Amino acid sequence: MTYEHQMAHVSFSIYQDAEPPEFWTNYFNIQPDTAVCKGDPIPDPTGQNRALARRTGVWGIRSKPHIRSDLLEPHLRYLVERLALPRSDLPELLRRTNAHMRFFCYWYNESGDRVPDVPDDIRAMMEAMGGTIEIDEYR
Amino acid sequence: MGGTELRTDSFQRWMIYSKDAYGSGTIFLTAEQKQAAEEGKKYSQRAYADVWAKDAALVQRVRSFLGTNFHWHQRLAKNGADLEVIETLQSMIRGESVVLIAEQSRTGGAGIDAAPKPQKLPSFRESLMTSYGMSYDAATAYIERYNDMVDRVNAVAARYANGAASSLADTAGDLTDTATALTDAQAFEYTPDAVSGEAEELAASTNNENYAAKMLGYDRKTFGDMIHAMKDYNKLRGDDNVIWHDNGDVSFNGGIIDNMHSWAP
């Protein structure tokens, strides 16, 4: 697979340490792109075999392999549909597991004149469920 | 007095002279000549002997120069290994018995016999890119890091050379300490205020993502993607400041949380 730069893409991630990643795999009934537990070893590419460990549990999926668009909306809509959001029991699960849930948006803006397009309905839905939408901008 | 062409890069032709020839027999060099010689010294110190040694024509010119001007090097000039020839030349430039001078190609260079137009030789960057398959950015990062390292090593060497009191054992001890510190995770907890010695300085790090991209040999777009993935994985916000280290390590709040090379596409 060749690497191709896209000016926008989005990840959906849930960070918490109360439940193993399989819990969210079962809940959403989809295979994650990211599934780690706090304390999982980090391979040491420097060859020093240092005992490095993951600082937080993460379960997540990414839009990047599936959507090709320089705008955020298609990426967000894809993830919303894939995750079948909104879900009425999700806010309570997030509270119980003390989780942080977010759409984390890669936004390439070297020209400086691109305005991130997050649709109001998705923003409102995410807020209602207790999650956030964060723009990670690169110039 | 005629010099010998060492190599020509995109900017100038570099000529080597025996010190006597360069000073035209006078004992003292002019301030201008001294400065030119100093620049040549730096250029030579920053060059990779093994890269020069791969350039057969360059090595041949150096052999001929050493054999002609320094009769005690005739054996080396004839039979020495390519790398040994180049290292000897670099050592002589360092010791000032040989002077390396940049000759602007548009002037003939005052007092220098016009030499036949040299064959175009690859620049150092081109050598890295062709011989080692590096990208343009990776070569830039390599050159910058190498230059910084050479400056520091020279500074350390100069300090020991000047310090009459320091024994060889002290030197060895210091170098061991440096080596130990470099493999020690503690050394990565770098803060500008805490700089107290060479070990911390050698653990190069930055919180600037563009500089980090260069340091680690990635183009900016690729590196942005890598940072995003790394931040996603580590529950960092877009505006959380991390520090990148020259071995790829990422630290946040004083601890190593990841390594950027794990995120290379």
Find the residue count for the stretch A:22-52, including only residues that are within 13 Å of chain B (Cβ to nearest Cβ) and either among the aliphatic types (A, V, I, L, M) or under 18 Å from A:L79 (Cα atoms) (or both). 8
Does any residue of the stretch B:76-99 turn out to be out of contact with any strand residue (DSSP E or B) (no Cβ under 6 Å at 6 or more places or on another chain) and at positive phi? yes
Scanning the stretch B:248-265 for residues that are small (G, A, S) and more than 14 Å from A:P43 (Cβ to Cβ), which turns out nearest to the other protein chains (Cβ to nearest Cβ)? B:G255
With respect to A:I61, is the statement that it is among the hydrophobic types (A, V, I, L, M, F, W, C) and over 14 Å from the mean Cα position of the chain (by Cα) true? no
Only one residue in A:R95, A:R68 is basic (K, R), loosely packed, with under 15 Cβ neighbours inside 10 Å and over 25 Å from B:P265 (Cβ atoms), so which one is that? A:R95
Being within 27 Å of A:G60 (Cα to Cα) and either modelled with pLDDT under 90 or away from chain A (no Cβ under 12 Å) (or both) is the requirement here; does B:A199 meet it? no
Matching residues in the stretch B:204-247 - criterion: being assigned to a loop (DSSP other than H, G, I, E, B), within 11 Å of chain A (Cβ to nearest Cβ), in contact with a Ser or Thr (Cβ under 8 Å, 6 or more places away or on another chain) and closer than 25 Å to A:I61 by Cα: B:N234, B:K235
Scanning the stretch B:43-79 for residues that are buried (at least 19 other Cβ atoms within 10 Å of the Cβ) and farther than 20 Å from B:T8 by Cβ gives B:N69, B:H73, B:A77
Please verify whether the stretch A:25-32 includes one or more residues that are in contact with a strand residue (DSSP E or B) (Cβ under 9 Å, 6 or more places away or on another chain), buried (at least 18 other Cβ atoms within 10 Å of the Cβ) and part of a helix (DSSP H, G or I). yes
Can you find even one residue in the stretch A:69-76 that is closer than 29 Å to A:H5 by Cβ, in a helix (DSSP H, G or I), in contact (Cβ under 8 Å) with a residue 60 or more places away in the chain and away from chain B (no Cβ under 13 Å)? yes
Yes or no: the stretch A:11-23 includes at least one residue that is touching a residue at least 60 places away in the same chain (Cβ under 8 Å), in contact with a helix residue (DSSP H, G or I) (Cβ under 7 Å, 6 or more places away or on another chain), of a type in the set (S, T, N, Q) and not in a loop (DSSP other than H, G, I, E, B). yes
So, in the stretch A:119-133, exactly how many residues are surrounded by fewer than 16 Cβ atoms within 10 Å (Cβ to Cβ) and either within 14 Å of chain B (Cβ to nearest Cβ) or in contact (Cβ under 8 Å) with a residue 60 or more places away in the chain (or both)? 1
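The values are calculated or read from the model by the stated rules, or taken from the named source; none is laboratory data. Quick caveat, the model's predicted, so the values are computed rather than measured. We place every Cβ from the backbone using ideal geometry, glycine too, and count neighbours over all the protein chains shown.
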